[in-house]
1. For Leu56 and Asp93, what is the calculated FRET efficiency with R₀ set at 25 Å and r taken between the beta-carbons, to the nearest 0.05?
2. Using the Cβ atoms and a cut-off under 11 Å, what net charge is assigned to the surroundings of His59, where Lys and Arg are +1 and Asp and Glu are -1?
3. List the aspartates and glutamates whose Cα sits under 12 Å from the Cα of Lys73, skipping any in the same chain fewer than 8 residues away.
4. For segment 14-138, what is the convex hull volume of its Cα atoms per residue in Å³?
5. Given a Förster distance of 35 Å, report the FRET efficiency between Glu110 and Ser21 from their Cβ-Cβ distance, rounded to the nearest 0.05.
6. Calculate, in nm to one decimal, what Trp131 and Leu43 gain on full extension: separation in residues at 0.36 nm each, minus their alpha carbon distance.
7. With r as the distance between the Cβ atoms of Trp13 and Ala121 and R0 = 41 Å, compute the FRET efficiency 1/(1 + (r/R0)^6) and round to 0.05.
Amino acid sequence: MPGKLWRPTCGCWPNLVGQGSPRCDRCGKRGVPAGWQYGLIELMGVYARLRGLKPLGDHRPLADKLFKGTTTKCLRCNGSGLLDAKRGKTWIDCPDCRGLRHVYIISREEVEAIRQKVLDAYPNAGAPWTWPPGYSDS
């Protein structure tokens with residue numbers, strides 16, 4: 001389940017962008033809300049939905065090489081895939097990237113061709129995949 005991020009305001013951790021606890025574990029000062037983050041299981045699902053490939057397996061080095069540079073971080077959600085809802089008490093999927101954190105900068109046909117190259121080399125690497133409704137075709 002996605003979790004809320006908090007940005008420390010105390011200075012104890014000057015390079016920390018966000019943490020899962022609202023209070024600094026060093027001084028106890030409350031931070032400010034900094035959006036949302038997926039957990040590991042959700043990130044695996046995002047990978048499968050974005051690429052149409054399983055998130056784990058021998059195919060990953062090839063898939064990562066072929067897909068490198070084909071997406072850009074979503075500007076609306078800053079690559080989190082999630083936005084605040086109900087005054088920051090819960091989240092919604094970002095409508096621009098459909099919760100996928102990134103948007104393709106290549107065409108749907110190019111994505112499908114890359115995916116097929118991976119599947120040709122690793123037939124069992126596939127995960128259910130459809131082009132997200134409303135997602136840009138580049």
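1. Calculated transfer efficiency: 0.60.
2. The answer is +3.
3. By straight Cα distance, Lys73 reaches Asp96.
4. Per-residue hull volume (Cα only) is 134 Å³.
5. 0.25
6. 29.9 nm
7. E between Ala121 and Trp13, to the nearest 0.05, is 0.45.
We did not get these values from a lab; they are worked out from the coordinates using the rules stated. A quick note: this is a predicted structure, and the numbers were derived from the prediction, not measured. In this analysis, Cβ positions are derived from the backbone assuming ideal geometry, glycine residues included, and neighbour counts consider all displayed protein chains.
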